Amino acid sequence: MTGTNRGGYLRRLALCGAVAAFGFVGLAGGAKADGTPAGQVAMRRLTQEQYKQIVNDIFGPTVTLGGRFEPDMRDAGLLAVGAAQVSVTAAGLEQYDLMARSIASQVVDPQHRALLIPCKPASDTAPDDACAKAFLSKVGRLLYRRPLSQHELDDQVAAANEATAKTNDFYNGLGLSLAGLLEAPQFLFRQETVEPDPNHAGEYRLDAYSKASRLSFFLWNAAPDPELLAAAEKGELNTDSGLKKQVDRLMASPRLETGVRAFFIDMLSFDGFSTLAKDTTLYPKFTSQVLRDAQEQTMRTIVDHLLVQQGDYRDLFTTRKTFMTPLLASIYKVQVAFPEGVLNPWVAYEYPEGAPQAGILTEASFVGLHSQPGRSSATVRGKALREVLLCQKVPDPPGNVNFNLVQDTNNPNYKTARQRLEAHRTAATCAGCHKIMDPVGLALENFDTIGGFRTTENGAPIDASGEIDGVKFADVIGLGKAVHDNPAATACIVNRVYEFGAGHKPNKSESEWMTKTLAADFSSSGYKFPSLLRGIATSDVFFRAMPPQTGALETHTKLASDVNGNQEVQK
Amino acid sequence: MIPLKNINRRRVLRGMLAGSAVTVGLPFLDCFLDTNGTALADGQALPVCFGTWFWGLGFNPGRWEPPTAGKITAFGPELAGLTPYKDKVNVYSGTKVILDGRPMITHFTGDWAVLTGTTPREERVVIPSVDMLIADVIGTKTRFRSLEVTSTGNAVHSYSRREGAAINPAEVSPAALYTRIFGPEFKDPNAADFKPDPQVMARKSVLSAVKDQRDELAKTLGASDKARLEEYFASLRQIEQQLDLELQKPAPLAACTTPTKPEDLVLGSEIESVKGNHKLFAALLAHALACGQTRVINVTFNDATSSLRKQGSSMTHHVYSHEESIDPVLGYQPNVTSFIMNISGGLADMVGALDSIKEGDGTLLDRMLLMASTDTGYAKVHSLDDMPLITAGRAGGRIKTGIHVVAKGDPSTRLGLTVQQAVGVPINSWGTDSMQTSKTFTEVMA
């Protein structure tokens, strides 16, 4: 930051007082004067799940959503990080507008208004300032995750009154003003606010309401509840004991499961299921219910292992314990006793020792999601394992590659994926990348494109042996063990969890803290996942922020050249 | 209902004032059509429209281009479906995408370099695509600044972006697109009755309250977040504009008819569904253009990493493109080529839909300019040479058609510049680095 900018910022800070909101772009480095890491602050668009959760929390499950969301964007492996890159397009806002009006009209309808609106207007056909204010200030605080400023509240009340006057309907006017809140940028974007840190002169931290939001979205994937907002209002989140009390409460809540699921749904790219297609002629067992069951199986495995059993994160790759439905049991070809008379029952299941399946890698959610519609793909699976679970980047294939050596699956000389890929890898330009993907993905070839178990392909036996980062294995069980023991797996989860909460790629100093402190504590805990969550949620680092850098709006070209050209600096 | 010919300015004005006591902006009174429906009342031609049409994985080199440069007398076999429209389309061969040392990101670099004029440095696009540059000029007075659709069932298969990383999500369902355009909020330009809706006025005042907070929100943001907030407010202005237009009596458009609501086929990448849904989209978009609801459309037939497949086959178009052998007799990959024929058939469907709407002595296609582009010149090897490019329509007489332009290695951006100039974007140079060009295809400029 230049001296001029900093001076300007400080002046504004003095003028704006406690409600000043400062978002700013990331800066290189990230170390504070005293060496404490400090992260970036950026506006983050609510994800689809967060939007749904907030509406459900505030208005209850009987208020339904219509319309569709803008696609979320994945950056650095997470939608949570991409959320800080995206805006709202015209077509997207059209949909938010539709949804906002649909939600608002339900909230003010005769069925809901007695429950959700804390007052009755003097007349149903005329504006009522006091009632509009009472409702909008209450709901506005929950939607904006902070109290509305006087100006914001005045504007919303005036809009409700104007809309009421135009339509001679108080509830319609109030509903439209509520719709305005639901499509306002203050709701759709999580805008974090920075304030000077009184404990460290010249340093900055998130203000209490921003802290509340970070905590709540991190642990519950939801906006702060009234109790957390109250703790923010009273300043309790700025004390160690107050923060710990709230973290304890959030982590003891059953809603922690929602947050943990949200994290893994994001990390494991389960958004891909919404458009996943399989050829139903070749795989008639594949239905939309199988798709849902496959995701739920992995979520249940994760939640049970990490939260209920408080197990070692690494054991997710080797555990024989999972959950089954009749449809999944049929695909995996396992015998499971299901209760009778229950529609699509879930049953805890443990694979027998020596079974060819164990760990989440062998579940349909992994091998099915990372496949072609009509066949498995060792390359896609190998790439996914490297990128999703080990946080390793596999380079893109080069241009102008000749694929003549790769024959189709009907070629009698190349019956299995291994044979076809080995032919492909004889091309020197391809070998470099394929040798880091294929030996990993080939270990999963015992699973077809929907996760069904098989021992042959086109009549030839499948060889599932391979090697990952120098560790050789004979089959997929060995692959699970190798991933379990691979330090990249635990380093990766530490990174991803922190990024999910903070919404940005860690800068250099944050990374150092994560390696030296966070990862070390995670290891000492026996790789207990809740311990990792707590380590982040109670850390100073999570809430410290770089000094804001404000600046004039830049042109298309300038922005493009900055983002494209200065990537190294941003990292 | 009052017959169209009996509508006059006085009747419209009287009808409006009688219909509501509220003040409304005057409608486009000077925009009435002339008697034969080819121009507005002041003699101006009906406005030019623009569209992009994207398909993934290109064509087979040497099998799509017309055999000779200049006037098109025939196409290569892979474009034979366009034969009925050979006088209304142009084909541009021989252009390429230049990397300037940047990584070749397969199925990404080529598509976006053609559509944004800049070869991306990473798997992210931060500058607007050509359709958005055009929409900002010609799309500001319509209900929808642009409409995006994809036949693949996946909303992220959109090849339209504004600056920043925001993709313009594509509509995946023809039925949903129908409701969006021709649902309750559609104002038939040829309807005799018009009464402004108080609810729309109420919604406007609410949006004003949101907009009023803009300055307060923006003043403390950093540059990157401020740009994203600006985009949000640009989107908000478009919603306001939609409401403004709902409060005005639209100018009659003789060619505008309301289509019937289509029923979606299964949404997904199976080729028959893709073709069917694309055809439904083509008809709806043609009607939307004829009814003045938008002037810019974006269509994705299939994504760059083509997920097209045939029911019962384990292979996708993309997998075939890399793994299928070239048939020694035919000289090309048969399965890949089968997908290609479906794609070019889809393009013919789109052109046909535009050409089927009669406007005066001509058709909607005459005032349209549709630019079709892809991600690669030869998918089998991810080539960025000889990128297939096609345009359809005469852009209201600003483009000559029936011409095969042979570019001899020029950057593909020459077409992006040409189409922008043809529809009235005031620029004389487009693209960056080696993709920068100030040369239009003068052969086709009227």
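Checking each residue in the range A:162-177 for being at the interface with chain B (Cβ under 9 Å from one of its Cβ atoms), assigned to a helix (DSSP H, G or I) and more than 11 Å from residue A:121 (Cβ to Cβ) picks out A:162, A:163, A:165, A:166, A:167, A:172, A:176, A:177.
Checked against the criterion of being farther than 24 Å from residue B:57 by Cα, over 18 Å from the mean Cα position of the chain (by Cα), open to solvent by 10 Å² or more (accessible area, probe 1.4 Å) and more than 9 Å from chain A (Cβ to nearest Cβ), the range B:138-154 contains not a single residue that satisfies it.
If you go through the range B:311-329 one residue at a time, do you hit one that is within 10 Å of chain A (Cβ to nearest Cβ), of a type in the set (Gly, Ala, Ser) and open to solvent by less than 10 Å² (accessible area, probe 1.4 Å)? Checked against the condition, which is being within 10 Å of chain A (Cβ to nearest Cβ), of a type in the set (Gly, Ala, Ser) and open to solvent by less than 10 Å² (accessible area, probe 1.4 Å), the range B:311-329 yields at least one hit. Taking the criterion of being more than 15 Å from residue B:50 (Cβ to Cβ), in contact with an Asp or Glu (Cβ under 9 Å, 6 or more places away or on another chain) and open to solvent by 20 Å² or more (accessible area, probe 1.4 Å), would at least one residue in the range B:411-429 satisfy it? No, the conditions are met nowhere in the range B:411-429.
The residue that is surrounded by the most Cβ atoms within 10 Å (Cβ to Cβ), among those in the range B:293-310 that are within 11 Å of chain A (Cβ to nearest Cβ) and basic (Lys, Arg), is B:309. The residue of the range B:95-117 that is surrounded by the most Cβ atoms within 10 Å (Cβ to Cβ), among those that are modelled with pLDDT under 95 and polar (S, T, N, Q), is B:109.
Selection of the range A:206-220 for residues being among the charged types (D, E, K, R) and either within 13 Å of residue A:239 (Cα to Cα) or in contact with a Ser or Thr (Cβ under 9 Å, 6 or more places away or on another chain) (or both) yields A:207, A:211. Against the conditions (1) within 13 Å of chain B (Cβ to nearest Cβ); (2) out of contact with any helix residue (DSSP H, G or I) (no Cβ under 7 Å at 6 or more places or on another chain); (3) surrounded by fewer than 24 Cβ atoms within 10 Å (Cβ to Cβ), residue A:194 satisfies every one except (3).
Comparison of A:77, A:82 shows that the only residue that is at positive phi and crowded, with 19+ Cβ neighbours inside 10 Å is A:77. Here residue A:98 qualifies as open to solvent by 10 Å² or more (accessible area, probe 1.4 Å), within 25 Å of the chain's Cα centre (by Cα), touching a residue at least 24 places away in the same chain (Cβ under 8 Å) and more than 30 Å from residue A:497 (Cβ to Cβ). Candidates A:500, A:447: the one that is farther than 21 Å from residue A:320 by Cα and out of contact with any His (no Cβ under 6 Å at 6 or more places or on another chain) is A:500. Only one entry in A:57, A:72, A:129 is open to solvent by 10 Å² or more (accessible area, probe 1.4 Å), among the charged types (D, E, K, R) and out of contact with any helix residue (DSSP H, G or I) (no Cβ under 7 Å at 6 or more places or on another chain), namely A:57. With (1) surrounded by fewer than 16 Cβ atoms within 10 Å (Cβ to Cβ); (2) at pLDDT 85 or above; (3) under 20 Å from residue A:449 (Cβ atoms) as the list, and residue A:366 as the residue in question, which single condition is left unmet? The number of the failed condition is (1). Each residue in the range A:61-70 was checked for being more than 10 Å from chain B (Cβ to nearest Cβ) and touching a Leu at 6+ places or on another chain (Cβ under 8 Å), and 1 of them qualify. Tell me, which residue of the range A:71-92 that is within 10 Å of chain B (Cβ to nearest Cβ) and of a type in the set (Val, Ile, Thr) is farthest from residue A:182 (Cα to Cα)? Within the range A:71-92, the match that is farthest from residue A:182 (Cα to Cα) is A:86. With respect to the conditions (1) surrounded by 22 or more Cβ atoms within 10 Å (Cβ to Cβ); (2) more than 21 Å from the chain's Cα centre (by Cα); (3) within 7 Å of another protein chain (Cβ to nearest Cβ), residue B:167 falls short on a single one, namely (2).
Among residues of the range B:364-379 being farther than 21 Å from residue B:112 by Cβ and open to solvent by less than 10 Å² (accessible area, probe 1.4 Å), the one that is farthest from the other protein chains (Cβ to nearest Cβ) is B:365. Filtering A:143, A:115, A:215 for residues that are within 34 Å of the chain's Cα centre (by Cα) and within 14 Å of chain B (Cβ to nearest Cβ) leaves a single hit, A:143. Residue B:178 fulfils the conditions (1) facing chain A (nearest Cβ under 10 Å); (2) assigned to a helix (DSSP H, G or I) except for a single criterion, (1). Listed by first and then second residue, the pairs with beta-carbon distance under 6 Å, at least 6 apart or on different chains, first residue in the range A:251-268 and open to solvent by 30 Å² or more (accessible area, probe 1.4 Å), second at pLDDT 95 or above and not aliphatic (A, V, I, L, M), are A:255/A:220; A:258/A:220; A:258/A:221. Scanning the range A:132-141 for residues that are farther than 15 Å from residue A:162 by Cβ and open to solvent by 70 Å² or more (accessible area, probe 1.4 Å) yields one hit, A:138.
Screening the range A:294-340 for residues that are farther than 19 Å from residue A:358 by Cβ and either open to solvent by less than 40 Å² (accessible area, probe 1.4 Å) or in contact with a Pro (Cβ under 6 Å, 6 or more places away or on another chain) (or both) and picking the one that is modelled with the highest pLDDT gives A:307.
The values are calculated or read from the model by the stated rules, or taken from the named source; none is laboratory data. Worth saying up front: this structure is predicted, and the values here are computed from it rather than measured. In this analysis, Cβ positions are derived from the backbone assuming ideal geometry, glycine residues included, and neighbour counts consider all displayed protein chains. In case anyone asks, the SASA skips ligands and DNA or RNA and just uses the protein heavy atoms, side chains included. Shrake-Rupley method; radii C 1.70, N 1.55, O 1.52, S 1.80 Å.
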